[in-house]
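Colleague: Structure in structure tokens, see below.
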Amino acid sequence: MSRADLPGALTPAWPNKAAWGTATKLRAWQQEALSRYLSEQPRDFLAVATPGAGKTTFALTVAAELLGRRLIDRITIVAPTEHLKTQWAEAAARAGIPIDPTYSAGQGKTSADYVGIAVTYAGVAVNPLAMRIRTERFKTLVILDEVHHAGDAMSWGEGVREAFEPAARRLALTGTPFRSDTNPIPFVTYEPAEDGVSRSAADYTYGYAEALRDQVVRPVLFMAYSGQMQWRTRAGDEIAAHLGEPLTKDLTSQALRTALDPAGSWIPSVLAAADKRLTEVRRHVPDAGGLVIATDQDSARSYAKTLKAITGQSATVVLSDEKAGSKKIAKFSESDERWMVAVRMVSEGVDVPRLAVGVYATTTSTPLFFAQAVGRFVRARTRGETASVFLPSVPNLLGFASELELQRDHVLGKKVTNEDDIFAAEDALLAAANAEEGTAEDDGMGPWEALGSEARFDRVLFDGGEFGHSGEVHVGSEEEMDFLGIPGLLDTDQMKTLLQQRQSDRARKQKTTPSAAPVAADEPVAAVAAHEQLATLRRELNGLVAAWHHRTKTPHGVTHNRLRKECGGPPAAVANADQLRARIDALRDWAARGSA
């Protein structure tokens with residue numbers, strides 16, 4: 001292969017992923033990271049970049065440069081899943097670098113047509129010695145995609161370390177928060193901090209906040225839905241609770257499961273609302289698609305039936321144990337079909353750039369998984385595209401949504417167990433999620449029966465702020481359509497202005513027509529007043545945080561985290577009125593002093 005055949009200057013449009021306003025060559029962050037890499041010539045390099053920013057392009061550009069300079073002879077790409085092996089091979093082929101995605105550790109030689117191979121972390125762990133021998137035979141560049149998975153299991157980390165210790169170069173990539181457990185990640189540098197624990201040190205970091213500023217990714221509009229839930233426990237007790245109100249961990253989990261039950265009313269209502277939003281987006285982005293992320297296979301099939309009843313069109317159903325799963329995703333990506341339903345397997349790395357509307361309908365609620373799931377919708381293709389993600393009004397999910405910009409590092413020697421802390425160690429490894437899915441009974445809660453559910457539109461979270469009407473509103477109402485009907489192409493400032501305008505316009509209309517939204521006779525007036533008070537305080541706090549961001553460029557999530565440390569208490573989504581007032585006062589004090 002000649003140097004002319006190698007992609008020395010890949011365009012941001014390769015492979016068809018360009019954001020509006022990008023240059024004719026590499027994006028600014030890719031060029032900066034590449035320049036740093038080529039100037040330092042490190043053996044190990046860790047690049048942390050938000051999903052959708054273009055890590056694949058960056059990595060293959062590095063590979064092309066090293067091949068062209070004859071610093072390496074071969075490439076080994078390690079990915080978390082079988083599907084991602086194929087996706088890497090296809091991307092590399094478009095860049096002129098032939099990669100064999102069918103290679104197995106015991107296979108030995110590959111065709112002379114290939115410059116490298118693509119394998120999974122699990123595949124490396126099966127026979128690391130065979131991979132080590134191959135690595136020793138050539139000057140090899142190892143690309144470790146989503147490298148935090150090397151800490152998923154002891155055998156994976158040990159296998160990766162044994163197999164690739166002799167590599168000439170190792171390029172590690174990740175787009176989501178590192179794990180919070182204490183399994184060290186091979187070939188990642190850890191540096192001691194003032195608190196006595198060691199944290200991962202990236203060689204280059206490009207976060208969501210920076211990517212959003214550069215219009216490389218879409219801003220995300222989170223549509224939160226609450227409602228009344230009823231279920232029967234394994235002890236035979238019938239329980240009724242409001243989704244989103246402060247509950248114990250077990251009751252919150254049961255309320256969430258009730259909401260996601262395919263036989264209830266919550267899921268059909270939210271899917272119908274999401275389809276309305278998709279219709280509005282498709283007025284401006286005709287090929288925009290939607291994705292529902294389900295907990296298990298039975299739920300996925302049921303959700304697909306519901307979508308067909310709503311839209312009149314069949315939805316693509318992708319199950320991770322299906323051999324045809326990768327082909328289904330590729331076919332959906334190239335089509336203009338409306339909906340795809342998947343069981344968690346598309347949470348990380350899978351690239352469907354036209355996805356613009358999502359429904360988070362899974363009980364998996366770790367910060368790692370949430371970030372990966374939202375990452376499927378943020379890749380920008382043209383100016384003004386905005387992602388819309390529908391989710392239950394569960395405190396931890398609302399907390400993740402409001403702190404999407406927060407940077408995280410992998411911590412060694414310190415386990416976090418506080419349930420209110422978004423840094424808590426993940427309960428379910430992605431390896432298990434990408435393997436065989438269980439049923440809804442596999443969470444240890446035993447026999448359980450959903451008795452009924454209803455959905456109410458709660459609020460919109462956008463750019464660190466909250467928007468909505470006084471209290472919750474009925475699904476299908478004009479108040480809900482104020483937000484579902486937002487145009488599909490708006491930049492961040494236009495979106496925020498429109499959200500504020502629609503909120504204030506509705507408030508003025510309700511003042512002039514008080515009877516338009518009467519309080520139900522059986523609804524305690526004091527409770528409604530408390531709910532509205534909390535909503536008002538949250539919006540005031542988020543507005544101040546947004547103003548602080550524009551003044552200091554500090555990400556919203558970082559500010560919220562500092563306020564929690566200074567004032568105490570849980571995330572803003574579940575904080576009480578006194579805790580919210582304390583944070584508001586603290587932030588105003590920061591503004592007066594000009595510093596936090």
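The values are calculated or read from the model by the stated rules, or taken from the named source; none is laboratory data. Since this is a predicted model, take the numbers as computed values, not measurements. Heads up, the Cβs are rebuilt from the backbone with ideal geometry, glycines too, and the neighbour counts pull from every protein chain shown. Areas reflect the complete protein model, heavy atoms only, side chains present, ligands, DNA and RNA absent. Shrake-Rupley method; radii C 1.70, N 1.55, O 1.52, S 1.80 Å.
Colleague: How many residues are in a helix (DSSP H, G or I) and without any contact (Cβ under 8 Å) to a residue 24 or more places away in the chain if we restrict to the range 245-259?
Modeller: Qualifying residue count for the region: 1.
Colleague: A further question follows. Do we find that residue 318 is at pLDDT below 90 and open to solvent by less than 30 Å² (accessible area, probe 1.4 Å) in this structure?
Modeller: So residue 318 fits the description; yes.
Conditions (1) part of a loop (DSSP other than H, G, I, E, B); (2) modelled with pLDDT of 90 or more; (3) under 24 Å from residue 52 (Cβ atoms), marked per residue:
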| residue | (1), (2), (3) |
| --- | --- |
| 83 | no, no, yes |
| 88 | no, yes, yes |
| 96 | yes, yes, yes |
| 129 | no, yes, no |
| 156 | no, no, no |
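Colleague: Would you check if residue 241 is at pLDDT 85 or above and closer than 23 Å to residue 305 by Cα?
Modeller: no
Colleague: To continue, here is another question. Let me spell it out: the conditions are (1) at pLDDT below 90; (2) surrounded by 19 or more Cβ atoms within 10 Å (Cβ to Cβ), and residue 260 meets all of them except one. Which number is the exception?
Modeller: Of the numbered conditions (1) at pLDDT below 90; (2) surrounded by 19 or more Cβ atoms within 10 Å (Cβ to Cβ), the odd one out for residue 260 is (1).
Colleague: Now a separate question. So, in the range 366-381, exactly how many residues are at pLDDT 80 or above and among the hydroxyl-bearing types (Ser, Thr, Tyr)?
Modeller: Here the count works out to 0.
Colleague: Next up: Any idea how many residues of the range 543-591 are farther than 23 Å from residue 210 by Cβ, open to solvent by less than 40 Å² (accessible area, probe 1.4 Å), in contact (Cβ under 8 Å) with a residue 24 or more places away in the chain and not hydrophobic (A, V, I, L, M, F, W, C)?
Modeller: 3
Colleague: For the range 197-244, give me every one of the strands (runs of 3 or more DSSP E) that falls completely inside it and has 3 or more residues that are touching a residue at least 12 places away in the same chain (Cβ under 8 Å) and open to solvent by less than 30 Å² (accessible area, probe 1.4 Å).
Modeller: By residue number, 220-232.
Colleague: A follow-up question, please. Suppose the filter is among the charged types (D, E, K, R) and surrounded by fewer than 16 Cβ atoms within 10 Å (Cβ to Cβ); does residue 73 pass it?
Modeller: It is true that residue 73 is among the charged types (D, E, K, R) and surrounded by fewer than 16 Cβ atoms within 10 Å (Cβ to Cβ).
Colleague: Let me ask something additional. For the structure I just gave you, tell me whether residue 536 is surrounded by 14 or more Cβ atoms within 10 Å (Cβ to Cβ), closer than 22 Å to residue 393 by Cβ, modelled with pLDDT under 80 and of a type in the set (Val, Ile, Thr).
Modeller: Spelling it out, residue 536 is indeed surrounded by 14 or more Cβ atoms within 10 Å (Cβ to Cβ), closer than 22 Å to residue 393 by Cβ, modelled with pLDDT under 80 and of a type in the set (Val, Ile, Thr).
Colleague: Let me ask something additional. Please go through the range 294-328 and give me each residue that is touching a helix residue (DSSP H, G or I) at 6+ places or on another chain (Cβ under 7 Å) and aliphatic (A, V, I, L, M), ordered by number.
Modeller: If the condition is that a residue be touching a helix residue (DSSP H, G or I) at 6+ places or on another chain (Cβ under 7 Å) and aliphatic (A, V, I, L, M), then 294, 307, 310, 315, 317, 318, 319 are the ones that fit.
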